[in-house]
Amino acid sequence: MKRKIAFSLIITGLLLLTFGFGARLRAAETRKPNILIIVSDDHGYGDVGAYGCKDIPTPHMDSLAKNGVRFTSGYVSGPYCSPTRAGLMTGRYQTRFGHEFNPGPAQSADRKFGLPLTEMPLPQRLKDAGYKTGMVGKWHLGNDQAHHPLSRGFDEFFGFLGGAHSYVNARADGGNPILRGREPVDEKEYLTDAFRREALAFLDRHAQDTWFLYLAFNAVHGPMDGAARYADRFPNLAGGRKTYATMLTALDDAIGAVLAKLREQKLEEDTLILFVSDNGGPPVNSSSNGPLRGQKAQCWEGGIRVPLMAQWKGQLAGGTVYGFPAIQLDFHATALAAAGVEVKPEWKLDGVNLLPFLTGEKTGAPHDALYWRFGQQMAIRMGDWKLVKAPGAGLQGQGGGLRRDVVNDLAGAHLYNLAKDLGETTNLAGQEPEKFKQLADAWEKWNAANTEPLWFPGQRARRQKP
């Protein structure tokens, strides 16, 4: 009898252990991942080691490529700051809802400017799904209370609302202060270091929660306030490039600190990390776009092709190089898919969930084509082919496209085969008329679903529909 009782207890114990292990396994399998989106600013395609940079080490950014996925054809939907952010937050081409341009300086921009209130931003959707939502860094999507990050789905905010800010003087721009929540603070630290500190504090506060952190650095955007403590690392650099190198190193170290915190908290396998630069580099900050033609504010590859990487240990294979075109619009749908949020057709997202393409569940390209409209500039990439109208290709002057109208014809546009001509040097428009027409027709069909800009640079915003 005693033997039967002992045997029953053993069997019961084994069943409980098995049930408990299975329950924990199922819980681990169904746990929603944390989501971290990191954005760098005015950071050229050629200024990450994983993308070919030789003179400025970026080991922590490189680790995202080593431990995750590096996109060689990663794009943003706008060639400068605010439109890219509008597209990222909504998962929709910003030209769908009139957010085509920057608003101008915070102190002089129309107070009604901002990501239209008709659009549902990513943090709100994740908050509705049970996420704790935080933002650290540069907002640039509206300056009044209705457009403030805390009004658009974020539980916490530390940063500034405008487009640029001093790194060393929190009071340099009285119309664009550093804020904690809605209240100004007198920040003393170098701004990139302050954003690093605040990101780490967010992770500590929410170590037991499921969270979304939008970490939008203003580095390496001007003003060019160098991080002096790094100057000795670059004896072979001088002038603007040396200053830029110190700023980029502060940025890379901040990213490294955040990655180290995730390792310390044993959250690497529970965190989807998405990284992108908001646009190509401008000459004014001594950045490099590597082999690409053009720069910030242009629809050449140098303005819209950027470093773009993804890491999710245990889900995405490390060291993967992904060649099909992807775009920052995809971050929205990808984050929602990871969080288990079903995308509804009425949301009309332009971005797609990249996860099945990165795991091999789906093959082929995520997009049939990618599109751009930026005032008088335009572009479309379809497969290896690109049609573009930009300064030097149907437009005069380096700042082409910022007049108070938008593309009205494709006369003078250039055609390139990017597989053979990454630097966009040989215009094939005259040699490939059928290909030109194919891309032109596709772009015009896409453009028909866009709306007029709500504002133009230096112009007050048109009233938004409620």
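A compact table of results
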read-out: Options Gly134, Gly142, Gly91; residue that is crowded, with 24+ Cβ neighbours inside 10 Å, in contact with a His (Cβ under 9 Å, 6 or more places away or on another chain), in the same structural domain as Asn279 (by TED's automatic domain parsing) and at pLDDT below 95; value: Gly142
read-out: Test: residue in the range 330-343 that is free of Cβ contacts under 8 Å to residues at least 12 places away in the same chain and either under 21 Å from Leu64 (Cα atoms) or surrounded by fewer than 20 Cβ atoms within 10 Å (Cβ to Cβ) (or both); value: yes
read-out: Cross-chain or 6+ apart pairs with Cβ under 8 Å, the range 181-192 first and in the same structural domain as Asn169 (by TED's automatic domain parsing) and farther than 22 Å from Gly226 by Cα, then surrounded by fewer than 13 Cβ atoms within 10 Å (Cβ to Cβ) and not basic (Lys, Arg); value: Arg182/Gln145
read-out: Test: residue in the range 353-360 that is closer than 22 Å to Gly78 by Cβ, assigned by TED's automatic domain parsing to the domain that holds Ala317, hydrophobic (A, V, I, L, M, F, W, C) and in contact with a helix residue (DSSP H, G or I) (Cβ under 6 Å, 6 or more places away or on another chain); value: yes
read-out: Flag for Ala164 being of a type in the set (A, V, I, L, M, F, W, C), assigned to a loop (DSSP other than H, G, I, E, B) and within 22 Å of the chain's Cα centre (by Cα); value: yes
read-out: From the options Thr192, Thr246, residue that is under 25 Å from Leu141 (Cα atoms) and of a type in the set (S, T, N, Q); value: Thr192
read-out: Cβ pairs under 6 Å, 6+ apart, first in the range 34-61 and assigned by TED's automatic domain parsing to the domain that holds Leu329 and more than 19 Å from Glu268 (Cα to Cα), second among the aliphatic types (A, V, I, L, M) and assigned to a loop (DSSP other than H, G, I, E, B); value: Asp42/Val220; His43/Val220; Tyr45/Leu292; Tyr45/Val306; Thr58/Val48
read-out: Condition met for Phe234 (touching a strand residue (DSSP E or B) at 6+ places or on another chain (Cβ under 6 Å) and not aliphatic (A, V, I, L, M)); value: no
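This table checks each residue for (1) among the hydroxyl-bearing types (Ser, Thr, Tyr); (2) farther than 30 Å from Ala333 by Cβ.
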| site | (1), (2) |
| --- | --- |
| Asn236 | no, yes |
| Gly240 | no, yes |
| Ala245 | no, yes |
| Asp252 | no, no |
| Ala257 | no, no |
| Ala260 | no, no |
| Gly280 | no, no |
| Pro283 | no, yes |
| Ser286 | yes, yes |
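Yes/no matrix, rows are residues, columns are (1) outside any helix (DSSP H, G or I); (2) not polar (S, T, N, Q):
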position	(1), (2)
His221	yes, yes
Asp225	yes, yes
Pro235	yes, yes
Lys242	no, yes
Thr249	no, no
Ile255	no, yes
Leu262	no, yes
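The values are calculated or read from the model by the stated rules, or taken from the named source; none is laboratory data. A quick note: this is a predicted structure, and the numbers were derived from the prediction, not measured. Cβ coordinates were reconstructed from backbone atoms using ideal geometry, including for glycine residues, and neighbour counts include every protein chain displayed.
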